Amino acid sequence: MSTAETLRDQDARTAASTLLSESAFIEAGAGTGKSTTLVERILNTLTGPEALPITSIAAITFTDRAGAELRHRLREKVTKRLAKGTDSPADRQLLSAALQDLDAAVIGTIHSFAQRILRTHALSARLPLAFAPATGADAADDERSRVRSAIEHVQASLDPSALSLLAAYSLAPVDLLEVLQRLDAQGLRLHDAAFSQGGADLNDLCAAAADEFESFLLGARADCGDPADRLMVAFEERVPPVITMLRHADPAELAASWAATDGTHPVFKLGNVGAAPAWGPGGAKARRDLLKELIPTFEACMLAPLESAMRAAFAAAWPVMRQHREDRTRSGVVTFDELLSRARDLIRDDRECRALVHVAYPVVLVDEFQDTDPVQWELIRLITADPLDPSGQPLPGRLIVVGDPKQAIYSFRGADIDTYTGALAGFGPTEGALGPVFELTTNFRSVAPVIEWVNRVFAAAMRGRARQVAYRDLDVRHRPEAAEPGPAVTVLRDPEQPPNGDGSRATGVVDSTKLEPRLVAQAIGRAVNDRWLITEPQPDETRGYTRAATFSDIAVLYPARTGVPALLDAMDDAGVPYRSGDAGLVFQRPVVLGLLAALTVVDDPAAELDLWAALKSPVFACTDIDLLHYRRAGGRWRLAKLAEGAEGEPLTGPVADALHLLHSLRSTLETLQPVTVIDQLIMRTRIMEALAFSARGGFDADCVRMLRAHAQQFQDEGGIGLPDYLVAAAEAQTASSRSSLPEPDVRDDNAVRLMTIHQAKGLEFPIVVLAAMANNIYDPSPAIGIVDPNRFEFRITKDLKSIGYDEWDEGERKPRSAAERVRLHYVACTRARDHLIVSLCGEHGTNKRPHSSLLWDAVPRDPSDVTAVVEVPGPVAPIPSPPVSPLPHDWSEQVARVRARSRVPFIAAPSGDAAAFLGLPLPPLAASRTSPADAPVPLETTVAVETRVARDGRPIGRAVHAALDTIVGIGAHVTEVEQEAACLRAAQDEGVAVNGVAELVRVAIASPLMAQALAAPRRWSELYLAAPVDHEGVRLVEGFADLVFEGPDGLVLVDYKTDESISDETRQHYAEQLTAYAALIERATGTKVVSRRILHLAAGGASEFEV
């Protein structure tokens, strides 16, 4: 199709971007260019007679990455339009203003939007002005403390009869830990009414059950022709006591019976007794089956006392957890989910704030609406509705939502497909609807054969499935032609097996989990070896086949990681290179597990399990023999500078060396961040050199780099210390099926990419392989099931659960889960641009439920299906590797010299040794600390020395500096309001309490030195200083002076310090630092610095001294 041809959905695209007076619901299938339509709609909103500034538009995206991409596209589009020069002068002015304000526009996730609302209206939301989202170890500790307090309250306050009932089921309040944790995590989706409901009425439940058993017994008597039949005798012996117990409906008796029978009553343990002639049609078996039908009713009665006691426990625990959240929030810490619920509550309950937000954002656009949860939708709906409208119906032109129900795959985050379908029902052509629905169906991503296969397969797979959305076909845009482009779709299967003698399907003949990885590796090799063709964009905006496939064109996507280890083995055997940023895969590599275990030990030496994991990992590579020899020699499992044996003799060997290394890291814990520890571990264990000679070493080396990059990102975002980082690493693994790590720079790496389907959402690849489909689906039943905001079901063990749990699990959760998994496969297949390889391997059988089973019926067998591995001579398409030369004999010495040289920075801060670089004389103490460039730098570092390479790194120090910078800029006439505003802004930016910042700023302003500075005719705050040098690799000395002002006799240099105390060594360091600053100022200005002063700020007051 060329650009001259009209798209089938062109009218919908045009109307969706130009009909600004109406709200719109845009259903955009995979690859249909929804972002282009959104950008066009925003641009049209920015221009014209009723134009809005870009800061009045809220564009909500699903991820930060998507927000950044949308902002980039807007900038690119506006820039091109301005360069084209075809707009009117008025529109050009509007577009220029939009381009200037683009970075301030609200384009990002719903959580960032909610945080902005709360930040603006913090007081109305009953939040401290400097509130901050809870992160890291603090959030985890808070959750544990909240649940622990609830359990303690339940133990102390629950009615003794309820505690007795729990005990009868072998439960104590502490056994509710997991259920309460899940309830706490889901709590924001529940109303208080969910905790005011008890269980079912025990008397009514038992009376109905007793009636059913009586009816059964009467029927058995009428049906049995021989009262002496063993089955009838068993009925007469066992059923009446059950009826009696049910008539009593005594909770303690029911609980005791459950415990005594271990959950299975003898009335249902009859075996195969009963003679067929003694019974009517169906024989004895039919009558036994009728009895089994009473099991659910009987179990409901037996579990009713448990449910009553459990719901009483939940009712006691919930107010405690809620109050704990409220207390923590009032202290200024808000969890990620509370940002949404707090913002929703504010907009719902405070009409004035709702009106202000409504005016501030006349247009709200929501992308990926299919992944919106009920709380998010309520917040959006209220903002776009008339503030006086209690129904919260969005006004015309205020709301634009974009989504695709076939890509709804985030229920684990609370997204609810019913929210999407319910919102969609409000749009349409009918009178009173919120606005029109526009369907975008033309796919701009995939070639025709791929689209046609996807339409055919998923229309069949989704049709008639419970809780599934309707399938709408995608329209084809690209039909490139080539003589032999390679197969567009390749299906991998188990070989077909002849049926059993009785006609049933043969099972267990082929081990699918072993066959599938080999088939996948073979298919990848064929794609490269057979030179499958890849398309590229053409001048007419179509796609054409232009080049042969490489490994880097291929992405292997998998629904779960169960089959990934076998897949890696198969690709290794076939010579297929690969890489991955999959957090779950990276964090499970032995070398990464070893590094994380080492970090844990450095943080907590008592973590013996982690110590063993670290010692046995590739990081330290201690063997069982090494550990045995160390222990037999009397060595102890503790960190020590010198490992000693039973007689106090020093021990040597790999275990002793590892413990010494970890001890040396631990000894400087106060100055170390995770990146520092990881760097030291990498350098001192030389693990990267070892990986160069190990199997899969290149991939493992990349995993180590990604771990370090993850730690660096943690620090860059304000994370501090090992405890918080270890929590962040654990969180990354918890959500790893949907999150990725920052990959190292591999732009020239010709390797297949591995990732989960969730991680591939929003991406596209020339060739997609849907793999790991032969492994069984893991779908455990959760501890908590949300029926609706006013009702939840619970499950403690397989047998102990609420009465309605099974009905919810079987009738609601499992059908929804299966429907979502089909959509997950749809997402995977629509990532493919030119070629799609789909594995439908998986063993059929009553106990087998592989991922592929969801597509079996939709993809009939075809002769072209690949079912066998063809043995090939040698690896598939091997990548030539340069020969590895033997290491020179002085390799270690060379490495030491290079590392020592690399520690000499190109740029130095004007502290310590840098004073010598400037030609300044060093005091004796400082001179004794200098060392030649090739001397080894000791690992042990004091806090004083650490401050040489960083200015005050504490958040409180940074906040005080920032506030004083603002005040110095205002001058002597600064008002109290301006001073408070400066402190508040600085505290918010650093996430610290404003009171501490304000106190230190107050004592600074009250000092004579600051009064002199503020009254000075000229002053400079945060003054950048630099000078070129040439000293052993250092070429530049640079830094920032906190404050310089013009005194009567020359310049005065001031440095703020917020240390708790200043030692003699620290004072010496500050003297060197200010001497270097003064030298830099004098070199740059030619003006003498007559005074160098430290202004030490503490809660008790400010002190100053000359250096």
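The values are calculated or read from the model by the stated rules, or taken from the named source; none is laboratory data. The model shown is predicted, which means the values in this text are computed figures rather than measured ones. Glycine gets a Cβ as well: all are built from the backbone with ideal geometry, and neighbour counts include every protein chain shown.
Worth a mention:
- In the range 448-471 there is no residue matching the filter, namely being part of a strand (DSSP E or B) and aliphatic (A, V, I, L, M).
- Residue match in the range 399-409 (condition: more than 25 Å from Arg41 (Cβ to Cβ), surrounded by fewer than 15 Cβ atoms within 10 Å (Cβ to Cβ), of a type outside the set (Lys, Arg) and touching an Asp or Glu at 6+ places or on another chain (Cβ under 9 Å)): no
- The single condition among (1) touching a Pro at 6+ places or on another chain (Cβ under 6 Å); (2) at pLDDT 95 or above that Pro590 does not meet is (2).
- Looking only at residues of the range 790-809 that are touching a strand residue (DSSP E or B) at 6+ places or on another chain (Cβ under 6 Å) and part of a loop (DSSP other than H, G, I, E, B), we find that the one that is surrounded by the fewest Cβ atoms within 10 Å (Cβ to Cβ) is Gly804.
- In the set (1) modelled with pLDDT under 90; (2) in a strand (DSSP E or B), the condition left unmet by Glu1060 is number (2).
- Selection from the range 358-381 of residues that are in a helix (DSSP H, G or I), crowded, with 23+ Cβ neighbours inside 10 Å and hydrophobic (A, V, I, L, M, F, W, C): Phe369, Leu379, Ile380
- Filtered residue count, the range 683-712, keeping only those that are surrounded by fewer than 17 Cβ atoms within 10 Å (Cβ to Cβ) and in contact with a strand residue (DSSP E or B) (Cβ under 8 Å, 6 or more places away or on another chain): 0
- Of note, Leu424 satisfies the criterion of being not assigned by TED's automatic domain parsing to the domain that holds Cys829 and not in a loop (DSSP other than H, G, I, E, B).
- Answer from Val556, Val520, Val586, Val576 - the residue that is touching a Gly at 6+ places or on another chain (Cβ under 8 Å) and surrounded by 22 or more Cβ atoms within 10 Å (Cβ to Cβ): Val576
- Considering residues of the range 260-278 that are loosely packed, with under 13 Cβ neighbours inside 10 Å and closer than 18 Å to Ile295 by Cβ only, the residue modelled with the lowest pLDDT: Asp262
- Filter pass, Gly503 being assigned to a loop (DSSP other than H, G, I, E, B), modelled with pLDDT under 90 and on the phi > 0 side of the Ramachandran plot: yes
- Some residue of the range 640-657 being in contact (Cβ under 8 Å) with a residue 40 or more places away in the chain and over 23 Å from the mean Cα position of the chain (by Cα): yes
- Looking across the range 202-228, the residues that are among the aliphatic types (A, V, I, L, M), part of a helix (DSSP H, G or I) and free of Cβ contacts under 8 Å to residues at least 60 places away in the same chain come down to Ala207, Ala210, Leu217, Leu218, Ala222.
- Yes/no for Glu178 being over 19 Å from Ile784 (Cα atoms) and among the acidic types (Asp, Glu): no
- Any chance Gly996 is on the phi > 0 side of the Ramachandran plot and outside the structural domain of Glu717 (by TED's automatic domain parsing): no
- Scanning the range 753-808 for residues that are touching a Gly at 6+ places or on another chain (Cβ under 8 Å), acidic (Asp, Glu) and within 27 Å of Glu299 (Cβ to Cβ) gives Glu793, Asp799.
- Here Arg472 meets the list (1) among the basic types (Lys, Arg); (2) crowded, with 20+ Cβ neighbours inside 10 Å; (3) within 20 Å of Asp371 (Cα to Cα) almost entirely, failing just condition (2).
- Among the residues of the range 164-174, those that are touching a residue at least 60 places away in the same chain (Cβ under 8 Å) and surrounded by fewer than 19 Cβ atoms within 10 Å (Cβ to Cβ) comprise Ser164, Ser170.
- Selected residue (criterion: modelled with the lowest pLDDT) from residues of the range 626-669 that are of a type in the set (Ser, Thr, Tyr), under 14 Å from Leu599 (Cα atoms) and surrounded by fewer than 18 Cβ atoms within 10 Å (Cβ to Cβ): Ser667
- Filter result for Thr975 (modelled with pLDDT under 85, out of contact with any His (no Cβ under 7 Å at 6 or more places or on another chain) and not hydrophobic (A, V, I, L, M, F, W, C)): no
- Applying the condition of being closer than 18 Å to Val997 by Cα and not polar (S, T, N, Q) to the range 1044-1067 and asking which residue is farthest from the chain's Cα centre (by Cα) yields Asp1055.
- Filter result (in contact with a Pro (Cβ under 9 Å, 6 or more places away or on another chain) and either outside any helix (DSSP H, G or I) or within 20 Å of Arg795 (Cα to Cα) (or both)) within the range 258-305: Trp258, Ala304, Pro305
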